[in-house]
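This report refers to the structure that appears directly beneath it.
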Amino acid sequence: MTENQNQLQGKTADSEEQKEPKFSGSFFKFASVMLAMVVAGLAASYLWQTYVSPQARANRQMEEQYRKYQEFEVAYKQAMADDTYGGKTPQETLDLFIAALEQNDLELASKYFSLNSVGQQDEKWMDALTEKSERDEINSIILMIERVEPTRGQKSSLEDIYWYSAYNDSGAALYNIKLKLNTYSQVWKIESI
């Protein structure tokens, strides 16, 4: 090869090198900054949607309320299962209630009433029995309960509710007693007198 050809070939190689784009450091800096901005934007959007937005706060609040409800439900079911004061039949519960009243054991008598809506002994029954005892009216409660009989013509369509009534001479109901089956412990509880 001649020297001219070598020079020409060298120039061609130089011009090919010149045609290839050269990336300078400023391009990489620009690309890095743009990539960081995109990542920061996506992270900010994620944080907003997951933690900061009103919808995210509402979702967290709803999840917290649901968790508390589940805890309440477990505690309520356990309290109902542990509530074994009562009889296997409505009449047996009334008989146990009368026996407790005859022994003037008001605390025991109050346990034959249904638990309240949060699964606790309802203090209103103990307060009412205490008030009746202070007025010396426990015997009148016993006599009242001894007069009741299963309610006539008023059958509940629910198998876990049972009614007793006391009737006057003309057959009209004077008062009612409602009992409800605690389905967790399978004992009958006094719902209302």
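Taken together, the values in this text are just the output of simple stated rules run on the coordinates, not laboratory data. Because the structure is a prediction, the values reported are computed rather than measured. In this analysis, Cβ positions are derived from the backbone assuming ideal geometry, glycine residues included, and neighbour counts consider all displayed protein chains.
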Placed amide H near Ser165: partners under 5 Å, 5+ positions off or other chain: Glu149, Thr151, Ile177
Potential lengthening between Asn168 and Lys124 on full extension [0.36 nm per residue; Cα-Cα distance subtracted]: 13.0 nm
Out of Gln61, Val38, Phe28 - ranked by how far each Cα lies towards the positive end of the dipole of the stretch 27-82, with unit charges on the beta-carbon of charged residues - the top one is Phe28
Past the 25 Å Cα-Cα mark, which pairs from Lys77/Lys180; Lys88/Lys132; Lys68/Lys88? Lys88/Lys132; Lys68/Lys88
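Can you give the FRET efficiency for Ala81 and Asn59, using 1/(1 + (r/R0)^6), R0 = 35 Å, r = Cβ-Cβ distance, to the nearest 0.05? If you can, show how the numbers build up before the last one.
Details: r = 33 Å, r/R0 = 0.94.
Given R0 = 35 Å and the Cβ-Cβ separation, E is 0.60.
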What is the distance in Å between the Cα centres of the stretch 44-78 and the stretch 107-122? 32
Near Gln103, within a Cβ-to-Cβ distance under 14 Å, what is the net charge of the other residues, with Lys and Arg +1 and Asp and Glu -1? -3
Between Ala172, Leu115, Thr93, whose Cα lies farthest towards the positive end of the dipole of the stretch 85-192 when Lys and Arg beta carbons carry +1 and Asp and Glu beta carbons carry -1, centred on the Cα centre? Ala172
Listed by chain and number, the residues whose amide H is under 5 Å from that of Gly87, excluding neighbours fewer than 5 places away on the same chain and using placed H, are Thr93, Trp188
